[in-house]
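Chemist: Below is a structure I'd like to ask you about.
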Protein chains: 2
Amino acid sequence: MARFRLGKQTIVLEHPPTILSAAAIGGKKEAEGPLSGHFDETSRDTKFGQDSWEKAERQMQTLALQAVLKKAGLQACDVDLIFAGDLLNQCISSSFSLRDAGIPFFGLYGACSTMAEGLALASMTVSAGYAQRAMAMTSSHFASAERQYRFPLVYGGQRTPTAQWTVTGAGCALVGADGDGPFVTTVTAGKIVDWGIKDANNMGAAMAPAAYQTIAQHLEDRKLQPQDYDLIVTGDLGSIGKRIVMDLFDRDGVPVQNVYDDCGVMIFDAKRQDVHAGGSGCGCSAAVFCGYLFRQLQQRRYRKILFCGSGALLSPTSTQQGESIPSICHAVSVEVERS
Amino acid sequence: MARFRLGKQTIVLEHPPTILSAAAIGGKKEAEGPLSGHFDETSRDTKFGQDSWEKAERQMQTLALQAVLKKAGLQACDVDLIFAGDLLNQCISSSFSLRDAGIPFFGLYGACSTMAEGLALASMTVSAGYAQRAMAMTSSHFASAERQYRFPLVYGGQRTPTAQWTVTGAGCALVGADGDGPFVTTVTAGKIVDWGIKDANNMGAAMAPAAYQTIAQHLEDRKLQPQDYDLIVTGDLGSIGKRIVMDLFDRDGVPVQNVYDDCGVMIFDAKRQDVHAGGSGCGCSAAVFCGYLFRQLQQRRYRKILFCGSGALLSPTSTQQGESIPSICHAVSVEVERS
């Protein structure tokens with residue numbers, strides 16, 4: 001069996017599970033962005049028919065879960081395990097959306113790395129034979145995040161140029177032991193990296209070193225070059241974090257620009273949509289992966305990608321107490337053929 | 001390999017990992033309680049030498065991690081993966097305490113079920129061969145929890161009789177592929193259960209049905225009677241939740257009282273220590289398991305226990321919005337011999 005070796009962080013899955021189905025939900029702004037055609041459902045109502053933004057966020061998870069099951073022709077009782085989490089305090093979007101699902105549930109907190117973390121653990125669980133089918137799910141909502149992390153929306157706080165815009169969206173993916181791919185082939189579990197960035201409005205810069213570390217470690221562990229992937233995609237560093245990652249690889253003499261992109265850059269048209277440095281939030285990489293990227297893999301437009309979920313593990317309290325921002329990045333390789 | 005079957009929630013670990021080492025840290029009140037002799041370190045200083053309660057909480061995790069490594073004769077670089085989380089918003093106790101550890105880290109949110117969830121995932125990971133050694137860690141602090149969830153301490157808010165007292169404590173356990181036990185033999189992943197309790201000061205009542213459901217499912221999956229265990233221990237329902245669990249099993253004609261106890265009841269002397277319904281918080285079951293219970297297993301005073309971590313997955317926001325309390329319980333069986 002695949003085991004860690006000294007200095008290695010990459011687990012090679014012995015029985016690569018198939019991503020059987022995936023679904024992405026988006027809000028109004030996301031539906032107006034470049035990935036417009038790649039959501040399973042969107043809503044022009046920021047509350048998704050609910051009476052609060054918190055309930056709207058959990059409703060997106062419910063919609064994502066239902067869409068995945070419908071597309072896979074399965075019911076909730078056919079799913080053995082779900083890994084889910086979100087940005088709201090105590091991860092209430094996940095726990096409340098799963099209240100009636102009856103699926104054994106392991107709760108995660110990985111900030112914006114949650115989709116990659118969940119996909120990693122669901123895939124490890126299925127590959128090991130602990131579950132026949134397992135899910136990963138997460139969400140974020142601009143308005144519920146804004147009022148929890150920053151200011152009441154009515155306050156109209158000014159945003160700095162480095163700030164990112166929390167995506168209103170959710171993603172859910174179902175992996176199974178049997179299927180014809182796309183296959184989750186390896187998992188690189190991230191370490192916490194903190195280069196001392198203290199500006200909570202510049203999370204791209206805080207997370208970039210973690211993304212760089214995980215991608216570099218993955219390539220080293222697997223003895224690969226960036227060009228061995230059709231796409232290496234982080235989520236969600238935004239334009240500033242993306243540039244830092246490219247600079248760090250350039251410094252190493254390992255150019256990545258031809259194969260590298262970031263979910264926070266891809267989901268919005270930064271200039272037209274006034275999102276400053278790009279998208280963020282658990283829902284950002286979740287919706288991009290479970291919507292656009294999964295379809296590209298299904299249609300074999302991409303044959304091998306490295307999906308790298310990056311998370312800034314701060315809280316408003318840690319920021320107020322003057323702390324820097326510990327960050328993490330988990331990577332999952334997805335291939336249309338078993339390697 | 002062990003797989004879920006329809007209606008089953010219990011994973012039988014094919015290669016039961018050994019708990020190589022475990023450590024418990026406690027505060028002043030915990031050091032004065034019935035389990036006084038079973039902590040690796042305690043402090044009379046509620047701030048553990050730090051300048052805030054949040055930093056004190058993460059310091060307890062640091063101390064727990066160091067104690068485990070020291071007892072196992074290992075260094076952080078010998079650990080392949082850690083699963084950790086806590087109660088503070090965005091789980092900052094875990095992310096900050098692990099900032100310099102350099103251990104690949106999967107963040108969890110399971111409220112007070114975190115120790116059981118982490119032990120479950122660490123054990124699954126090691127049994128599958130993904131890691132040679134993996135850790136589970138969590139913490140809670142009375143003062144950091146009180147001001148986040150309820151009132152500023154200086155406000156002197158009155159506590160209701162059903163309220164529990166958040167334990168100031170941390171626990172860390174290290175599991176490894178090789179060793180002579182105690183062995184983690186099975187994992188029962190919990191489903192969310194919500195029977196409609198809305199009183200955030202009665203979390204024992206909210207969590208009891210989840211604990212009952214998971215224990216009953218585990219016994220059914222494994223075709224066991226409660227008496228097949230030396231101890232079935234929940235953490236942390238407190239005295240009210242404990243009584244509800246016993247009532248629910250009584251109703252089924254399955255008496256558990258001779259083998260059943262609760263970490264929230266065990267950690268304090270409720271009358272002498274004025275803790276009302278007992279202890280709570282991630283640190284409660286973590287410290288009881290990693291301190292007292294692990295020593296009983298090592299000394300073979302218990303040969304087979306079912307450790308059931310229960311968590312109330314609410315937030316102050318969900319309570320303010322009038323929601324009931326979704327709860328969960330994950331169970332892990334630990335045996336001194338491979339069964």
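The values are calculated or read from the model by the stated rules, or taken from the named source; none is laboratory data. Only a predicted model underlies this, so the values are computations on that prediction, with no experimental measurement involved. Don't worry about glycine lacking a Cβ; one is built from the backbone with ideal geometry, like all the others, and counts go over all protein chains shown. Heavy atoms of the whole protein, side chains included, go into the accessibility calculation; ligands, DNA and RNA do not. Shrake-Rupley method; radii C 1.70, N 1.55, O 1.52, S 1.80 Å.
Chemist: Are any of the residues in the range A:58-81 within 19 Å of A:L153 (Cβ to Cβ) and acidic (D, E)?
Modeler: no
Chemist: On to the next question. Would you be able to say whether some residue in the range B:134-153 is at pLDDT below 95 and touching a Pro at 6+ places or on another chain (Cβ under 7 Å)?
Modeler: yes
Chemist: Additional query: Would a scan of the range A:64-73 turn up a residue that is under 29 Å from A:S315 (Cα atoms), modelled with pLDDT of 95 or more and open to solvent by less than 10 Å² (accessible area, probe 1.4 Å)? Walk me through how you get there before you give the answer.
Modeler: Start the filter on the range A:64-73 by keeping residues that are under 29 Å from A:S315 (Cα atoms), which leaves A:64-65.
Subsequent filtering for residues that are modelled with pLDDT of 95 or more retains A:64-65.
Still in the running and open to solvent by less than 10 Å² (accessible area, probe 1.4 Å): A:64.
For the range A:64-73, residues under 29 Å from A:S315 (Cα atoms), modelled with pLDDT of 95 or more and open to solvent by less than 10 Å² (accessible area, probe 1.4 Å): present.
Chemist: Regarding the range B:113-134, can at least one residue be identified that is among the acidic types (D, E), in contact with a strand residue (DSSP E or B) (Cβ under 9 Å, 6 or more places away or on another chain) and open to solvent by less than 10 Å² (accessible area, probe 1.4 Å)? Break it down into steps so the answer makes sense when it comes.
Modeler: Going residue by residue through the range B:113-134, those that are among the acidic types (D, E) are B:117.
Subset that is in contact with a strand residue (DSSP E or B) (Cβ under 9 Å, 6 or more places away or on another chain): B:117.
Imposing the further condition that a residue be open to solvent by less than 10 Å² (accessible area, probe 1.4 Å) reduces the set to B:117.
Looking through the range B:113-134, at least one residue is among the acidic types (D, E), in contact with a strand residue (DSSP E or B) (Cβ under 9 Å, 6 or more places away or on another chain) and open to solvent by less than 10 Å² (accessible area, probe 1.4 Å).
Chemist: I'm trying to understand the selection: among the residues of the range B:56-84, which are under 21 Å from B:Q132 (Cα atoms) and small (G, A, S)?
Modeler: Here is the first cut: in the range B:56-84, the ones under 21 Å from B:Q132 (Cα atoms) are B:64-84.
Answer for the range B:56-84, where residues must be under 21 Å from B:Q132 (Cα atoms) and small (G, A, S): B:A64, B:A67, B:A72, B:G73, B:A76, B:A84.
Chemist: Are there strands (runs of 3 or more DSSP E) fully within the range A:245-339 with at least 1 residues that are of a type in the set (A, V, I, L, M) and either more than 14 Å from every other protein chain (Cβ to nearest Cβ) or without any contact (Cβ under 8 Å) to a residue 12 or more places away in the chain (or both)? List them. Spell out the reasoning first.
Modeler: On the way: elements: A:260-262, A:304-312, A:327-335.
Correct list: A:304-312, A:327-335.
Chemist: All but one of (1) open to solvent by less than 10 Å² (accessible area, probe 1.4 Å); (2) polar (S, T, N, Q); (3) touching a residue at least 24 places away in the same chain (Cβ under 8 Å) hold for B:S95, so report the exception by its number.
Modeler: All conditions pass for B:S95, except number (3).
Chemist: From the list B:F151, B:F142, pick out the single residue that is crowded, with 24+ Cβ neighbours inside 10 Å and of a type in the set (F, W, Y).
Modeler: Values: B:F151 fails: crowded, with 24+ Cβ neighbours inside 10 Å.
Every option except B:F142 fails the conditions.
Chemist: Do the conditions hold for B:V288, that is, is it over 28 Å from B:W195 (Cα atoms) and in contact with a helix residue (DSSP H, G or I) (Cβ under 9 Å, 6 or more places away or on another chain)?
Modeler: Numbers: over 28 Å from B:W195 (Cα atoms): no; in contact with a helix residue (DSSP H, G or I) (Cβ under 9 Å, 6 or more places away or on another chain): yes.
Judged against the criteria, B:V288 is not a match.
Chemist: Among the residues in the range B:16-38, are any within 14 Å of another protein chain (Cβ to nearest Cβ), in a helix (DSSP H, G or I) and within 20 Å of B:G291 (Cα to Cα)? Break it down stepwise before answering.
Modeler: Applying the first criterion (within 14 Å of another protein chain (Cβ to nearest Cβ)) to the range B:16-38 yields B:16-17.
So of that shortlist, the ones also in a helix (DSSP H, G or I) come out as none.
No.
Chemist: I need the helices (runs of 4 or more DSSP H) fully contained in the range B:55-164, keeping only those with at least 3 residues that are more than 10 Å from chain A (Cβ to nearest Cβ) and over 17 Å from the mean Cα position of the chain (by Cα).
Modeler: Answer list for the range B:55-164: none.
Chemist: Applying the selection to the range B:39-54, what residues are open to solvent by less than 60 Å² (accessible area, probe 1.4 Å), more than 14 Å from every other protein chain (Cβ to nearest Cβ) and of a type outside the set (S, T, Y)? Quick ask: steps written out before the conclusion?
Modeler: Filtering the range B:39-54 down to residues open to solvent by less than 60 Å² (accessible area, probe 1.4 Å) leaves B:39-40, B:43, B:48, B:52-54.
Cutting the leftovers down to more than 14 Å from every other protein chain (Cβ to nearest Cβ) gives us B:39-40, B:43, B:48.
B:F39, B:D40, B:F48, listed by residue number.
Chemist: Let me confirm something: among A:L237, A:L224, A:L248, which residue is at pLDDT 95 or above, in contact with a helix residue (DSSP H, G or I) (Cβ under 6 Å, 6 or more places away or on another chain) and surrounded by fewer than 19 Cβ atoms within 10 Å (Cβ to Cβ)?
Modeler: On the way: A:L237 fails: surrounded by fewer than 19 Cβ atoms within 10 Å (Cβ to Cβ); A:L224 fails: in contact with a helix residue (DSSP H, G or I) (Cβ under 6 Å, 6 or more places away or on another chain).
Exactly one residue qualifies, and that residue is A:L248.
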